[in-house]
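Quick notes on the structure that follows.
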Amino acid sequence: MKGFLTGLMRLRRGPWEMLATIIIALGVFMLMQPFVLWAFTYSFITTLVGTVMFIIVSHFPEGE
């Protein structure tokens, strides 16, 4: 866990890509669930933010 947080603070690609992937997966889950309307409402923007974040952090340097 310490290595993950260090990678986030040093703007390394691996931890940030993992975080972006989790946000994308959360958005897809929010889109597919039929019970909570607010989650369905914000699912597209959540997925979009994760996708844009993934595109940006793919330009970060590799971990040390």
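Annotations for the structure displayed:
- Think of a 1.4 Å ball rolled over the protein heavy atoms: the chain then has 76 Å² of accessible area per residue.
- Calculated P(r) of the chain - Cα pairs past 19 Å, %: 39 percent
- Sites Val36 and Arg10 - FRET efficiency at Förster radius 35 Å, r taken between beta-carbons, to 0.05: 0.45
The values are calculated or read from the model by the stated rules, or taken from the named source; none is laboratory data. Not measured: the values here are computed from a predicted model. Note that each Cβ is placed from the backbone with ideal geometry, even for glycine, and that neighbours are counted across all protein chains shown. Each accessible area value is taken on the protein alone, full model and side chains, heavy atoms only, with ligands, DNA and RNA left out. Shrake-Rupley method; radii C 1.70, N 1.55, O 1.52, S 1.80 Å.
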